1. For the range 159-262, which fully contained helices (runs of 4 or more DSSP H) count at least 2 residues that are touching a helix residue (DSSP H, G or I) at 6+ places or on another chain (Cβ under 8 Å) and under 25 Å from residue 133 (Cβ atoms)?
2. Taking the conditions exactly as written (surrounded by fewer than 15 Cβ atoms within 10 Å (Cβ to Cβ), in contact (Cβ under 8 Å) with a residue 40 or more places away in the chain and under 27 Å from the mean Cα position of the chain (by Cα)), does residue 258 satisfy them or not?
3. Could you say whether any residue in the range 199-206 is surrounded by fewer than 15 Cβ atoms within 10 Å (Cβ to Cβ) and touching a residue at least 60 places away in the same chain (Cβ under 8 Å)?
4. Check residue 25 against each of (1) crowded, with 17+ Cβ neighbours inside 10 Å; (2) under 28 Å from residue 280 (Cα atoms) and name the one condition it does not meet.
5. In the range 1-54, how many are touching a strand residue (DSSP E or B) at 6+ places or on another chain (Cβ under 7 Å) and touching a residue at least 24 places away in the same chain (Cβ under 8 Å)?
């Protein structure tokens, strides 16, 4: 039996999830589409403990809730508000900020909205996602900080972000983004190895940090900015898909979130990548977001607040 489908309009969403019981049933069907199986012994026999909102295995007596081990683990916020947050986060074209979510859902505290969105962001990276394939453009850029002054790869107060995007004709395919400490060969080639299939053609600029890709089995094809300029070309057209992704990222961060701190930038990149890769099926992304919660470790408010980039810890 397949997982339950997803609402395709806001009217359908309101009709399908009017209360806590409907949301809880949807989570049950998403978690156990083939019917209940005890997480401990695998038994299909269980009884519902209605007052405690738990399922108890009839064989080993193990008790579990539909939210256990998910981003909703031990939440005190009503499930229908979580569903609305997931829906607004994935279907609104520019995304949604914590302040906007607080206003939309009538939440009493800004911190509640901020925490909900951050928990969802940590459920947006699927552990089993497949590497990028085909021709791939790879480039880096500084994100955040002051807009004025400086340039190159050593600009302070900004975080260095590397991206890889699939070439799909004149358009772009799937995307990956990651904050890195610097543009060293170890960081750049490490990112490519973690996100791009070894059989892919990889296009970069002429930065020396990418030279190691040739020895890792990639069909490495660097492009020379100098040669491009001498030929009368625009450097921004050398890796157009990567530059386009960075342009959309910066517009999104400024427009929706009014800037993001370096400590939390990676999870915002994860959200941007999640939305980019599902831009043609935003309604399906609502279901994907809730479904991914079943394979992610629960995140606490303390862990989110104390998150920082590894080299800043």
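1. Where helices (runs of 4 or more DSSP H) fall fully within the range 159-262 and carry at least 2 residues being touching a helix residue (DSSP H, G or I) at 6+ places or on another chain (Cβ under 8 Å) and under 25 Å from residue 133 (Cβ atoms), they are 185-195, 240-256.
2. yes
3. Yes, the range 199-206 contains a residue that is surrounded by fewer than 15 Cβ atoms within 10 Å (Cβ to Cβ) and touching a residue at least 60 places away in the same chain (Cβ under 8 Å).
4. Residue 25 satisfies all of (1) crowded, with 17+ Cβ neighbours inside 10 Å; (2) under 28 Å from residue 280 (Cα atoms) except (1).
5. Number of matching residues: 2.
Residue by residue, here is whether (1) at pLDDT 90 or above; (2) surrounded by 14 or more Cβ atoms within 10 Å (Cβ to Cβ); (3) over 25 Å from residue 77 (Cβ atoms) holds:
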| site | (1), (2), (3) |
| --- | --- |
| 1 | no, no, yes |
| 15 | yes, no, no |
| 20 | yes, yes, no |
| 41 | yes, no, yes |
| 49 | yes, no, no |
| 52 | no, no, no |
| 56 | yes, yes, no |
| 61 | yes, no, yes |
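The values are calculated or read from the model by the stated rules, or taken from the named source; none is laboratory data. Since the model is a prediction, treat every value here as computed from it, not as a measurement. For neighbour counting, all protein chains shown are included, and Cβ atoms are generated from backbone atoms with ideal geometry for every residue, glycine included.
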